[in-house]
Amino acid sequence: MFDPATKPRIFASPPGVDFAEGLVAGLLARTADMTPTDLARVEIYVNTTRMQRRIRAVFDAGPARLLPRIRLITDLANDPVSLDLPPAVSPLRRRLELSQFVAKLLDQEPDLAPRAALYDLSDSLAKLMDEMQGEGVKPDVITGLDVTDQSGHWERALAFLKIITPFFDQQNEPPDKEARQRMVIETLAANWETEPPIHPILIAGSTGSRGATALFMQAVAKLPQGAIILPGFDFDLPDHVWDAMDDDLTAEDHPQFRFRRLMDLIGFGRNDVGEWSGQAPVHPARNALISLSLRPAPVTDQWLAEGPDLGDLHDATKGLTLVEAASPRAEAETIALRLRQAAKDGITAALISPDRMLTRQVTAALDRWDIKPDDSAGMPLALSPPGRFLRHVADLFGKPLTGEALLTLLKHPLCHSGRDDRGEHLRHTRDLELYLRRYGPPFPKPEDLLTWAKTGTERAGWAGWLAQLIAGLETAHGQTLSDHLDQHLTVATQLCAGPAADGSGGLWDEAAGREARKTCDNLIQVASAGGTMTARDYAALFGAVIAEGTVRDRDAGHPDILIWGTLEARVQGVDLTILGGMNDGVWPEAPPPDPWLNRVMRAKAGLLLPERRIGLSAHDYQQAVAGREVWITRAKRSADAETVPSRWVNRLTNLLKGLPKQNGPDALEAMRAEGGRWCAMAAALSTPENRVPAQPRPSPCPPIAARPGKLSVTQIKTLIRDPFAIYARNTLHLSPLDPLVPTADAPLRGTIVHGILERFIRSGHGANDKDALMQIAAEEFAAHCPWPTIRAQWMARMERSADQFLADEAERQTLATENKIEAFGEIFVAPSGVLLTCKADRIDLTDTGSALIYDYKTGAVPTKNQQLTFDKQLLLEAAMVELGAFESLGPMSVAGATFIGVNAAMKKVPAPLDDNPPNQVWGELEALFANWHDPKRGYTARLALFSKTDQSDYDHLSRYGEWGTSDDPDPQVLT
């Protein structure tokens with residue numbers, strides 16, 4: 001296919017040429033005089049599966065012919081080139097082996113890193129080892145680095161780096177995939193030195209950024225019929241720029257730097273690179289503009305010298321649009337609108353972005369028109385239904401089961417998917433949720449489920465099935481990885497199958513289920529290398545393994561609306577290319593943190609620099625921006641602050657602004673104007689036409705018969721401050737749903753403290769019985785507060801307040817002859833007929849026949865003024881006592897009433913009985929209830945709350961936020 005030559009055969013395609021089509025066209029042109037079987041002997045090595053498929057698709061377009069062999073460079077790791085090379089070890093097995101060594105090191109030296117970082121450290125070490133093997137860097141090179149100017153961090157890192165040293169011993173350890181890839185390439189190169197193949201071998205589409213790939217390219221370049229075809233080669237870059245890119249530390253982020261490295265490695269010059277197909281780029285003027293804008297930073301002064309040679313920049317920016325949206329959501333909606341137009345026009349369009357959040361938002365926005373794009377990245381397996389379900393099950397082991405975790409599993413679509421009666425399952429789940437919300441416990445056990453089953457009918461079988469599954473989860477601690485997997489998958493499949501059902505329900509169905517099954521099978525195969533681990537370590541390991549999986553369905557998406565990663569920009573051409581998320585830190589992505597080696601140490605060791613990733617992203621950008629029609633989009637603000645444009649966007653806009661004689665500013669303004677037009681259309685599309693008007697401040701006026709006929713003394717404060725809450729609870733009978741996850745909040749502490757003091761007083765303990773008080777406190781907190789840390793904190797607070805409480809209690813006991821605890825009273829209030837009820841914390845009887853009323857407060861104690869105006873609880877209790885509302889007491893005078901603070905301040909606030917005596921309080925209450933029996937009197941929302949920031953349980957019902965506290969209420973007479 002090639003004539004004899006003394007130099008390496010290096011070809012390239014410029015940016016803007018469909019690489020796959022150009023590759024096939026050039027190959028067919030060079031083999032036109034060859035027999036069909038000669039074409040079939042040609043070997044083409046490419047670096048991605050998508051490029052492999054794309055080249056085959058171009059051949060499939062016809063006419064019919066024998067195809068060349070199209071192989072992946074990465075498949076060389078599995079090439080049986082020599083029987084002396086053992087097969088590569090599974091990457092997952094190697095990771096598990098590393099984790100065992102890391103775990104032992106952390107056990108010996110726990111200060112090195114937290115245990116939670118075990119598998120992250122193992123994964124990072126595995127990636128470093130792959131890189132070292134691919135680049136041909138031995139461990140002694142790393143350990144021999146001069147670190148005299150480094151911090152003590154190196155000593156800690158070195159302890160971990162020593163772990164991977166034994167794995168480089170090829171005699172005792174099977175090679176990793178990267179190591180075997182390099183070994184195969186070295187073996188091939190050695191064999192080709194003596195017996196070079198006579199058939200053509202081509203390497204197409206690779207930049208040679210990895211050491212093993214560059215070594216392979218070097219070997220192919222020496223073959224009699226070998227050739228390299230570079231993608232996106234910048235033929236516009238002058239020789240002096242190529243010559244200046246000789247320093248890794250300053251030029252590696254340039255898009256053409258990898259080609260310069262290949263020149264030095266293989267031994268060719270820039271002028272030795274020929275065009276492979278002769279196909280012209282779509283926009284040569286744009287290529288020249290982009291090439292100049294991407295000059296290395298030290299020579300950007302060449303913009304002024306060479307910028308005038310670009311000519312009229314309207315030609316260079318033709319088909320180029322700059323979208324600067326106000327927010328990420330606006331950016332996504334604008335992109336989706338343009339993709340929808342592309343689908344309508346019947347053209348191919350691709351969104352290229354490394355920002356997966358942006359691509360998901362665009363996918364969601366396209367759903368408005370029932371368009372599902374063909375996303376090459378697919379869905380992360382961990383976010384698929386089987387992935388989520390398996391992760392939830394893995395998190396159950398080795399810790400108390402919470403109601404939230406249990407209900408999360410029961411509500412999952414895969415749970416109980418093996419039977420036809422899933423409706424019954426959901427009904428039981430709903431009933432169980434309501435029971436757990438109301439009665440708890442926070443950590444349900446099997447016996448709690450069986451107790452719940454007795455409260456209804458047809459629950460016993462379902463509850464027994466569930467109780468059996470959750471039994472023993474908390475006790476699953478240290479065991480082998482195989483045992484963890486077996487227990488994990490057994491529980492998961494039984495949950496999916498349902499009661500008395502075989503199989504695994506829908507867990508392994510569909511593409512996501514099959515991928516999850518494959519991942520679990522791979523883990524089972526290498527489980528012997530996992531050793532013994534805790535349940536928490538197993539959950540972390542399983543989550544990390546399943547997070548690496550991806551679910552793809554190539555047939556589900558729209559064939560012409562595509563979402564690609566940046567690497568795929570070099571695969572094929574489309575009619576419309578959208579470069580999304582062009583902000584700094586997104587494109588190019590910020591280099592990931594390296595816990596082992598800094599930039600200088602990497603350069604000394606011969607490893608890849610962080611700028612390599614930036615340079616590859618720049619190369620992908622240079623190819624993508626050379627398409628037929630190109631959009632560059634970015635959001636001017638993120639959720640946190642203003643964003644910074646990508647460095648390449650900055651360079652392009654600054655270059656255009658600096659060339660007014662070439663109409664650069666006008667061209668830039670035209671790009672922005674077109675982007676602004678689409679942004680405006682997207683914003684108009686997202687603005688509802690008939691906006692729902694804001695609701696006024698509600699003040700419903702229900703009929704008298706529907707108004708509350710029974711209130712407690714504690715509800716009078718709510719009636720005064722937030723009448724709408726009384727209407728919602730007592731008239732509409734709407735109660736707030738109890739939280740699914742009980743928390744150790746102030747109401748719970750108040751309930752427990754009331755119970756402690758009630759037991760203490762009922763038991764007849766004296767003021768000197770502190771030990772008895774603390775014993776009762778320990779028992780009550782243990783029974784009602786299942787959180788050990790919070791329980792210890794509350795016990796400490798009780799210990800601090802006990803002395804003051806007992807000192808005050810001594811004085812109270814000298815005044816009392818008898819105690820009434822939790823005394824209940826009720827009385828009708830004339831003329832309204834409302835029944836007023838009360839359960840008093842404590843009423844002490846004195847030897848003079850009068851009563852002393854006490855109420856415990858663990859929170860803020862009401863002040864005198866608050867009691868006079870809003871908080872009438874003690875004043876009303878005093879009036880009820882004097883009117884004989886308490887059957888156990890009969891009518892008697894009240895000598896005093898006091899709020900007792902059981903908190904850090906231990907403050908006592910007496911009720912202002914002198915300023916507001918019981919007869920006056922009762923008269924005011926009768927007048928208040930009489931006013932509420934006015935049919936035109938409305939229950940106004942948030943009438944007199946203490947603070948604007950106070951929250952009501954019914955704010956969402958009253959639609960607070962659509963109105964403010966300064967708005968007048970809108971009475972509505974209801975019938």
Placing each pseudo-label 7 Å from Cα in the direction of the beta carbon, residue 360 and residue 49 end up separated by a distance in nanometres of 2.2
Two pseudo-spin positions, 7 Å from Cα along C-beta at residue 860 and at residue 162, lie apart in nanometres by 6.0
Residue separation between residue 61 and residue 315 times 0.36 nm, minus their alpha-carbon distance, gives in nm 88.1 nm
By the mean-Cβ-within-10 Å protection proxy, highest first, 25-32, 230-237, 730-737, 182-189 rank as 230-237, 182-189, 25-32, 730-737
Over all directions, region 91-174 yields a Cα convex hull whose mean projected area in nm² is 5.9
Extension length gain for residue 265 and residue 691 (0.36 nm per residue less Cα distance), in nm, is 146.8 nm
Residue 808 and residue 500 label points (each 7 Å along its Cα→Cβ direction) are spaced in nm at 6.0
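Could you compute the net charge surrounding residue 860? Neighbours are other residues with a C-beta less than 14 Å from the C-beta of residue 860; K and R count +1, D and E count -1.
The answer is +3.
Hey, with R₀ at 41 Å, roughly what FRET efficiency would residue 458 and residue 920 work out to, going by the Cβ-Cβ distance, to 0.05?
For R0 = 41 Å, the calculated efficiency reads 0.10.
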Summed over the other residues with a beta carbon less than 15 angstrom from that of residue 437, with K and R at +1 and D and E at -1, the charge totals -4
The FRET efficiency for residue 468 and residue 427, from their Cβ-Cβ distance with R0 = 25 Å and rounded to 0.05, is 0.80
Yeah, region 681-803 with a ≥ b ≥ c from its alpha-carbon gyration tensor (a/c under 1.5 is rounded, else prolate when a/b outruns b/c, oblate otherwise) is oblate
Relative to the chain, whose Cα atoms define the longest principal axis, helix 481-497 and its Cα axis are tilted in degrees, nearest 10, by 70
The Cα extents of region 650-713 along the principal axes, largest first and rounded to whole Å, are 85, 30, 12
For region 547-704, inverting the pair-averaged 1/r of distinct alpha-carbon atoms gives a Kirkwood value in Å of 20.2
Extend 7 Å from the Cα of residue 792 along its Cα-to-C-beta direction; within region 736-777, residues with backbone N under 19 Å of that point are 744-745, 775, 777
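Quick one: putting +1 on the C-beta of Lys and Arg, -1 on the C-beta of Asp and Glu, what dipole do you get for the chain around its Cα centre, in Debye to the nearest 20?
That gives a dipole near 1180 debye.
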hull vol. (C-alpha, convex hull) per residue for region 225-332, Å³ -> 175
Taking 0.36 nm per residue of separation between residue 962 and residue 138 and subtracting their Cα-Cα distance, the length gained on full extension comes to 290.0 nm
Flagged as over-length at 26 Å C-alpha distance, from 127/518; 839/907; 770/872; 717/857; 454/820; 7/604, the pairs are 770/872; 454/820; 7/604
Taking every DSSP bridge whose two residues both lie in the chain, the antiparallel percent to the nearest 5 is 30
Relative to the chain, whose Cα atoms define the longest principal axis, helix 211-221 and its Cα axis are tilted in degrees, nearest 10, by 20
Among 302, 219, 452, the residue whose Cα sits farthest towards the positive end of the charge dipole of the chain (+1 at Cβ of Lys and Arg, -1 at Cβ of Asp and Glu, taken about the Cα centre) is 452
Of all C-alpha pairs within the chain, those more than 52 angstrom apart amount in percent to 41
Placing +1 on each Lys and Arg Cβ and -1 on each Asp and Glu Cβ in the chain, then taking the dipole about the Cα centre, the residue among 112, 747, 627 whose Cα reaches farthest towards the positive end is 627
For region 381-551, the Debye formula with one identical point scatterer on each Cα and no solvent gives log10 I(q)/I(0) at q = 0.12, 0.13, 0.15, 0.20 Å⁻¹ as -0.53, -0.63, -0.83, -1.36
When the charge dipole of the chain is computed with +1 at the Cβ of Lys and Arg and -1 at the Cβ of Asp and Glu, the Cα pointing farthest to the positive end, of 530, 461, 341, is that of 341
About its Cα centre, region 1-133 carries a charge dipole, from +1 on Lys and Arg Cβ atoms and -1 on Asp and Glu Cβ atoms, whose size in debye to the nearest 20 is 440
For the chain, longest principal axis from Cα atoms; helix 19-30 axis from its Cα atoms; angle between them, nearest 10 degrees, is 20
1/(1 + (r/R0)^6) with r = Cβ-Cβ of residue 189 and residue 305, R0 = 35 Å, i.e. FRET efficiency to nearest 0.05, evaluates to 0.20
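Laboratory data are not the source of any read-out in this text; all were calculated from the coordinates shown. Note that the structure is predicted; figures quoted are calculated from it, not measured. Backbone-built Cβ (ideal geometry, glycine too); neighbour counts: all protein chains shown.
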